[in-house]
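Only the coordinates and a few stated rules stand behind these numbers; no lab work does. Values in this document were obtained by computation on a predicted structure and should not be read as measured data. Cβ placement follows ideal geometry from the backbone for every residue including glycine, while neighbour counts extend to all protein chains displayed.
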Amino acid sequence: MTSLSDPEIQALSDALDDEYKSYATYAQVIADFGPERPFVNIVEAEARHFSALLALFDTYGITPPKDRWRGHAPRFASLHAACVAAVQGEIDNVAIYDRVLSSTTRPDILRVYGALRAASLDRHLPAFRRCAERGGR
């Protein structure tokens, strides 16, 4: 197996960090406000997302960066504020994938990046927009 270039490793690390952030943030919202939708559904998806990225680190024999978000997730005054922040978080996540997609030509990595970008854009972002529009209810 060919080793990854420094830009490929940095891109994987950036994507993983953002997935860790999303997971920690949504888990904190659930801890603060209870098992509210869409957080309770999407937090599980975020765990699958970072697991898919960790599998790539494993495939290429690279030590992944530590999860710097565990125990350091942002907190919100209301569920509505959390929904609004999650909208921006998913927009930012899509932008990260837009950037990292150009970091490699490896089909396995591109497949994971594309799937995770699509999940954020097509499922998570609309769900959080609906949550924000209904005032967090």
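A few notes on this one:
- Qualifying residue in region 45-53 (condition: crowded, with 19+ Cβ neighbours inside 10 Å, among the aromatic types (Phe, Trp, Tyr) and closer than 23 Å to Pro107 by Cβ): yes
- Any hit, region 79-86, residues being surrounded by fewer than 13 Cβ atoms within 10 Å (Cβ to Cβ) and of a type outside the set (A, V, I, L, M, F, W, C): no
- Count of region 93-114 residues, restricted to those that are surrounded by fewer than 16 Cβ atoms within 10 Å (Cβ to Cβ) and under 20 Å from Leu4 (Cα atoms), is 10.
- Test: residue in region 68-84 that is over 12 Å from Ala15 (Cβ atoms), under 16 Å from the mean Cα position of the chain (by Cα) and polar (S, T, N, Q): no
- Elements of type helices (runs of 4 or more DSSP H) contained in region 39-137, each with 2 or more residues being closer than 16 Å to Ala24 by Cα and touching a residue at least 40 places away in the same chain (Cβ under 8 Å): 39-59, 79-100
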